[in-house]
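**Student:** I'd like to ask some things about the structure below.
The values are calculated or read from the model by the stated rules, or taken from the named source; none is laboratory data. Quantities reported herein were computed from a predicted structural model and do not represent experimental measurements. So basically every Cβ, Gly included, is an ideal-geometry build from the backbone, and we count neighbours across all protein chains shown.
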Amino acid sequence: MEDTCTEFPPSHPPAVDETEQRSWQHFLDAAMRLYILLNRKLMDGHKLTLFDVLLLEMLAESSSGSARMGDLANALMLTPSRVSQQIRRLESQGLVHRTTSSSDRRGVVATITHDGLARFRPALVTYSQLVRTHYLDHLSRPQMAALGDSSRRINNGMNRVEPLTSSTRNRSSNRSPNGAPKR
């Protein structure tokens, strides 16, 4: 049997040409480096992970300061058990507390505390500054628009295959260009 993969370099995925591979690799490298950098800087400066900040942001932005755990998991695209672990950790720091839902005794609601707001606000400033410095400042307005449109198209394509919940769609459409919620 003949090996048909010899026409591609060993690290080159089959059926992807050089331009496609370069585009994908640059996107992946940038996305991973941004995630790692944001996470590290938020941990160093605020002892919060990027997902902690995103979760606290969702709670802070809600009118009641609360959200159902399942809604948080859907919006953050995490498993319910991962969100439960994260909430337990934040609860142990006094940043959130959990209660049983008054409308559905099976549901659990997470609520941001005053200490949670106090830790979240400066972390959000750091987050916004990092997004500006390491992402937005490297792009012209037309490039931002093109990248935003490309990302929207990718998300829409994935949504046809694996739909997101309405809360996730609303969350991403309510983001400003610096990654923070639209005010």
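**Student:** Exactly one condition in (1) in contact with a strand residue (DSSP E or B) (Cβ under 9 Å, 6 or more places away or on another chain); (2) touching a residue at least 40 places away in the same chain (Cβ under 8 Å); (3) surrounded by fewer than 15 Cβ atoms within 10 Å (Cβ to Cβ); (4) not β-branched (Val, Ile, Thr) is not met by Ser102; state its number.
**Tutor:** (2)
**Student:** Can you find even one residue in the stretch 114-125 that is of a type in the set (Gly, Ala, Ser), in contact with a strand residue (DSSP E or B) (Cβ under 7 Å, 6 or more places away or on another chain), within 28 Å of Arg33 (Cα to Cα) and part of a helix (DSSP H, G or I)?
**Tutor:** yes
**Student:** Something else: Would you mind telling me which numbered condition in (1) exposed (fewer than 15 other Cβ atoms within 10 Å of the Cβ); (2) farther than 20 Å from Tyr127 by Cα; (3) charged (D, E, K, R); (4) under 19 Å from the mean Cα position of the chain (by Cα) Lys47 fails?
**Tutor:** So the condition that Lys47 fails would be (2).
**Student:** Something else about it: Filter the stretch 137-159 down to residues that are of a type in the set (Gly, Ala, Ser) and within 24 Å of Met77 (Cα to Cα), then give me how many there are. Even if it seems obvious, please write down each step before you answer.
**Tutor:** Keep residues of the stretch 137-159 that are of a type in the set (Gly, Ala, Ser), which gives 140, 145-146, 148, 150-151, 157.
Then keep just the ones that are within 24 Å of Met77 (Cα to Cα); that gives 148, 150-151, 157.
So the answer is 4.
**Student:** When you scan the stretch 1-36, how many residues do you find that are in contact with a helix residue (DSSP H, G or I) (Cβ under 8 Å, 6 or more places away or on another chain), modelled with pLDDT of 95 or more and of a type in the set (A, V, I, L, M)?
**Tutor:** So the answer is 1.
**Student:** Taking the stretch 50-66, which residues are over 15 Å from the mean Cα position of the chain (by Cα) and not polar (S, T, N, Q)?
**Tutor:** Listed by number, the residues that qualify are Ala60, Glu61, Gly65.
**Student:** What residue, among those in the stretch 63-92 that are among the small types (Gly, Ala, Ser) and assigned to a strand (DSSP E or B), is surrounded by the most Cβ atoms within 10 Å (Cβ to Cβ)?
**Tutor:** Initial filter on the stretch 63-92 (among the small types (Gly, Ala, Ser)): 63-67, 70, 73, 75, 81, 84, 92.
Retained after the next criterion (residues that are assigned to a strand (DSSP E or B)): 66-67.
On the way: Ser66: 18, Ala67: 21.
Among them, the one singled out is Ala67.
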